[in-house]
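As C-alpha cells, the structure follows; a few thoughts come after it.
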Amino acid sequence: MLCWGNASYGQLGLGGIDEEIVLEPRKCEFFEGKRVRDVGCGRRHSVFLLEDGAVYTCGCNDLGQLGHDKGRKKPDRNFPALLKTLRSQRVVYICCGEDHTAALTKEGGVFTFGAGGYGQLGHNTTNHEVNPRKVFELMGSVVAQIACGRQHTLAFIPSSGKIESFGLGGNGQLGTRSTYNRISPAPVKGCWRAHTDPVPMDIDLTGLCISEAEQSYCVKKIYAGGDQSFAHYALSQGDSPPLDVRITRPGGQIYTLSADLIQKWLNHSHGRLSPEITNEIDLVFSSASCLNGSFLSGSSPDHYSTSSKCSGVDINTARLLYHRLIQPDYPQISQIIAASLEKHLLPRLSSSPPDIEALRLYLTLPECPLLSNPSNYTTLTIPFAKAIVSLKDTPIKVLGNWWSRFDPSVFQRLVELYKEVVVYLLRLQKLGIPLSEQRIFTCFLHTSLKLLEILHSVNERAGQIIQYDKFYIHELDELIDIRNDYVTWFQQQMFSLVMDAQVILCKYPFVFDAQAKTTLLQTDAVIQMQIAVDQAQRQNLHSLFLSGGGVESVNPCLILIVRRDNVVGDSMEVLRKSKNVDYKKPLKVIFVGEEAVDAGGVRKEFFLLIMKELLDPKYGMFRYYEESRLIWFAHKTFEDIDLFHLIGVICGLAIYNLTIVELNFPLALYKKLLKKVPMLEDLKELMPDVGRSLQQLLDYTEDDLEETFCLNFTITEENFGATEVLELIPNGTDITVNKSNRQEFVNAYVNYIFNTSVAPQFSAFHAGFHKVCGGKVLELFQPSELQAMVIGNTNYDWKELEKSTEYKGEYWADHPTIKIFWEVFHELPLEKKKQFLLFLTGSDRIPIMGMKSLALVIQPTAGGEHYFPVAHTCFNLLDLPKYSSKDTLHEKLLQAIEHNQGFNLV
C-alpha cells in the first residue's frame, strides 16, 4: 500500500510523522501482510477494507467520520485503527464523502457514520453519528452499489433498477427534481428498469429513442463527486448485468493461491518456465498479503467471521493445494517457491502484525510439503518457527486460540513436524558441530523446542487436542546423555549458572517419555543422596573442630533390618527413626538370621512381603471392589494412621529403587498425588456399577427424573455391619436431585468417594510418599506414568524379553532346550504369558523401563525331565531342567505356572 499527499490529520496512516505533506508515494507499513480489498478517501480521513471484512480508519474524527466513539473529544488517529463495531458485519465495500463514511455489507445492507448535518447519513436526522449505524430505510432492499459525494450518498438497488439518494441537494445532486436536502433515502427520478425486466416495445433496439420522455434506463454503475452524480446505463437487454461490488472482481484483486492458478502454472511447467510464470510464483510466495488472502473459508463460519476465535481459513484446502503444487515432477516450481519464502517472505514477517488477518499464513504455511523436507529445515522450517516464537503476546494468544480449534490430525502434523526437526538437529549434534557453527545450531534447537513448548501449552489449555504422549521424542535416549543433561540443569538451578552455548532439554520436560523421566528420577535420587551425605559429613567435620568429638559415620544407604515374621512392625520402627534425607538413599534390606547380601533380590523380596502384609484384609485399611479388582482407602479403620504413612513411604521407596509393587489402586490415586482432580471416569474405573448409574443420571432426558431416580444429596454406606446415611452437602437430605442440580450431585458424589471420606488416610499416605518422591522431577510425570512407576504397565514385548534374557551354565541362546522353551512360550496365549511373569517376578506387569529391565536369567538344573521349572522370584531367575521334548516342556511349564499361588519366594 502506497500513499502520498496531505498528512496533517494522520489520514495517510503513516503514524506520527513530522511532515504535513508527503510529496511522493510512501509505503504504508501497517498493511504489510494484509490483503486490502478497498480504500475510501474523504477530505481529512481515510478508510481501508480488508478481504475478511475488517474496516480500518485513520485521520480526522471531529465529526465521527472514523466511527470510533471515544467520548466528546473524538480524537484523531494518525495510525489505522480497527473499527470493531463493523468486524462481524461482513463489509465488502466502502466509500467516503467529505466528512462521512458509508459501508456496504455482503447481504446488501448499508451502514453510515460521521457528519450528518445535511442528512447524508440517511438516518432521518441531521445528527452526526460517531458509531456506524444501519440505514433502516434501505432495509428490505438488497443494495449492490453505494457512492458518496461531498455531502450526499447514493445507493443502487438492482432488483428494481432504482437509485436512492440522501443528503445535500442544493445543487440538484440528489436527482429528486428539487434542491431540497433529504435526511432519508429518496428515489432518484427517472424511468429505471431492472436488468431482468423486458425492454419496452417503444425503444428502438438499435439504441435510438422514439420518444425521450418514454425512454427507460438499465443502470450499470453509479458515481458521486463533490456536488454531482452520474449513472452509467445500458439500453440493450443483452448487455452485461449491472456491477455488484459485493462480488469480487477476478482482475481487480491481488493474486491468491487458487486451484486455477496452480493448474495454469503446472500446464506451463514443462521445460524452462516462462518469465511470466516465474514472476507470478515469486509474487505470490514473496507476499504475505497473497498467502493471507488464500485458502479462505467459504463455509460457516466463513472468512467474514474472522476473529480471535475464528481464523477464516480452510486448512484442508490449503493442504490439498500445496500438495498439488509441490510435486517431484515439477522441481522448478518448488525451487522458486523455496527461494521466495526464504529470501523475501520469512525475513519480512513482523513480530507485531497489524491485524489478525495477517496471522493466517502461520496456519497454512506448515501444510506446504517444502517445510517437511529436511533439506529445507534450516532455511525454511526453523526460520518459520523463529517468526512464530518472536510474536508478541497478543498475536501469539490469537494464534493459540486458532490452533486450539484445529482438528487433532492437523495439530498433530504440526507437532510431528517440529519433533522431526529437533531429532534432525540432535543427530547433527551427535555427529559433531564445528565450533564456528555452535551458536547458530543452539539457536536453531532452542527455537524448535520453544515452538513445541508453545504448542504444548496450547494443547494443555485446550484440554488436550492430542494425547500428551504425542509430544514425546522417543529418540532422546539414544541422542543425548539424559543424566548429564539433568545434572547440568540442576547446576543451573542451584548456582544460577547461564550457559548460552548449550540447550538443556530438561527445560522442555514435555518431550521426555516415561522411560526418560524415570532416568531423570533416578539421577535426581543420586544427586539428592550425595548432597545429603556431603552435608552430613561437613556438619560432622565442623562438629569435630568445635567440640573435639569424633566424626559420626554416615551410612550412604538406608538399612532396614527386619524379621520375616514381623516385617511391618520392624519396618515402621526403622522408618520412624529415619530422617527425611535417609529416604533418598539406596535401600538395603537385611532379613534377621539370613546371610544373603542385598544386591537387589532381597530388596525385591522385602517389597513383596511387606505389601502383601499391609494389604491383608485383617488390617481393614483398604476396601476391595470385586467388579474392578481394585482397592481404595477404607472410610473407617481401627488401624493406626501411621500405617498409611508407611505405605506411602514404601511406594516412594519402590519407585526410587525401581521395584514394582502390587498396589492395585485406580488411576485416581496417582492423580491426587500429582494434584489433579479425580473425575467421574475415575469412579467408573473403581466402582463400574456406581459409575454407570451416575452416567445414566446425567444422560437422562425425560422430565420425570426426580420420580425415576428418587435421589437426594446423600450417600449410603456399610460400615462394620451397620448402614449409615451421610449428607454430601449441608442439608443434603432435604435437597432432591433434579435436572438442574444433577451435575452438582455427581461432582459431590465423586468428591466424597475420592476426597472427603478418606482425607486423613490419604493425607498420611501422601506425606509418606512425598518424603521419598517429593520434588520437581515427580511433577514431570503424568498420572498414568506414575502408576506405571509403582505397579508397572502392560506394554508387553515378548520378543524383547527373549532378546534380553541371559543364560548361565551350559545354557546359551541356541541350546536345544532354550530353543524349544521359547517356541513353547511364544505359542502360549496372553493370559498364560502373564501368569509366567507372575510366577517368575511376582507381578504380571512389567517395569516402566520395559521388558529389557526385567533381566530374566535361565539356568539348567541337575534334575531330570520329571522335575518342574522353579522360579527364584527375587532374582528373576528360572531353573529350567534340560527337557528334550517340546511336549514335556509345555506340560511341565504350564503345571508350574498354574499351580503358583501368590508369591513364590524361593
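Quick look at the values:
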| quantity | calculated |
| --- | --- |
| Any chance E276 is in contact (Cβ under 8 Å) with a residue 12 or more places away in the chain and at negative phi | no |
| Residues satisfying the stated conditions in region 433-449, i.e. open to solvent by less than 70 Å² (accessible area, probe 1.4 Å) and outside any loop (DSSP other than H, G, I, E, B) | Q438, F441, T442, C443, F444, L445, T447, S448, L449 |
| Selection within region 796-831 - under 30 Å from L663 (Cα atoms) and in contact with a strand residue (DSSP E or B) (Cβ under 7 Å, 6 or more places away or on another chain) | Y796, T805, E806 |
| Residues of region 842-872 satisfying the condition of being open to solvent by less than 10 Å² (accessible area, probe 1.4 Å) and either of a type in the set (K, R) or out of contact with any strand residue (DSSP E or B) (no Cβ under 9 Å at 6 or more places or on another chain) (or both) | S843, M851 |
| Complete set of residues in region 308-324 that are assigned to a loop (DSSP other than H, G, I, E, B) and surrounded by fewer than 17 Cβ atoms within 10 Å (Cβ to Cβ) | S308, K309 |
| Only listed residue being of a type in the set (D, E, K, R) and more than 26 Å from L174 (Cβ to Cβ), chosen from E107, E98, E32 | E32 |
| Search result, residues across region 458-478 that are of a type outside the set (V, I, T) and buried (at least 18 other Cβ atoms within 10 Å of the Cβ) | N459, F471, Y472, L476 |
| Candidate set from region 118-143 (those that are under 21 Å from T57 (Cα atoms) and open to solvent by 10 Å² or more (accessible area, probe 1.4 Å)); member that is farthest from the chain's Cα centre (by Cα) | N127 |
| Which listed residue, of F839, F875, is at pLDDT 75 or above, touching a helix residue (DSSP H, G or I) at 6+ places or on another chain (Cβ under 7 Å) and either small (G, A, S) or open to solvent by 10 Å² or more (accessible area, probe 1.4 Å) (or both) | F875 |
| Per-region count, region 475-506, residues in contact with a Phe, Trp or Tyr (Cβ under 7 Å, 6 or more places away or on another chain) and either in a helix (DSSP H, G or I) or modelled with pLDDT under 85 (or both) | 2 |
| Region 676-689: number of residues that are of a type in the set (V, I, T) and within 13 Å of L630 (Cβ to Cβ) | 0 |
| Test for L235: is it at pLDDT below 80, of a type in the set (A, V, I, L, M, F, W, C), open to solvent by less than 50 Å² (accessible area, probe 1.4 Å) and out of contact with any Pro (no Cβ under 7 Å at 6 or more places or on another chain) | yes |
| Of all residues making up region 390-400, the number that are open to solvent by less than 40 Å² (accessible area, probe 1.4 Å) and either of a type in the set (S, T, N, Q) or part of a helix (DSSP H, G or I) (or both) | 5 |
| Leading residue by the ranking (surrounded by the fewest Cβ atoms within 10 Å (Cβ to Cβ)) among those in region 7-29 that are touching a Leu at 6+ places or on another chain (Cβ under 8 Å) and either touching a residue at least 24 places away in the same chain (Cβ under 8 Å) or part of a loop (DSSP other than H, G, I, E, B) (or both) | K27 |
| Check on L349, open to solvent by 10 Å² or more (accessible area, probe 1.4 Å) and free of Cβ contacts under 8 Å to residues at least 40 places away in the same chain | no |
| Residue in region 802-818 that is part of a loop (DSSP other than H, G, I, E, B) and more than 28 Å from H890 (Cβ to Cβ) present | no |
| Top-ranked residue of region 266-286 - restricted to ones that are of a type outside the set (A, V, I, L, M) and under 36 Å from the mean Cα position of the chain (by Cα), ranked as surrounded by the most Cβ atoms within 10 Å (Cβ to Cβ) | F285 |
| Residue match in region 825-836 (condition: under 30 Å from A516 (Cβ atoms), within 50 Å of the chain's Cα centre (by Cα) and either of a type in the set (D, E, K, R) or in a loop (DSSP other than H, G, I, E, B) (or both)) | yes |
| Any hit, region 411-421, residues being open to solvent by 60 Å² or more (accessible area, probe 1.4 Å) and part of a loop (DSSP other than H, G, I, E, B) | no |
| Which listed residue is surrounded by fewer than 23 Cβ atoms within 10 Å (Cβ to Cβ) and assigned to a strand (DSSP E or B), from I183, I146, I163 | I183 |
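The values are calculated or read from the model by the stated rules, or taken from the named source; none is laboratory data. Computed from a prediction, not measured in an experiment: that's the story for all the values here. Cβ sites come from the backbone with ideal geometry, for glycine too, and all protein chains shown count toward neighbours. For the accessible areas, the whole protein counts, side chains as well, though only heavy atoms, and no ligand, DNA or RNA atoms are used. Shrake-Rupley method; radii C 1.70, N 1.55, O 1.52, S 1.80 Å.
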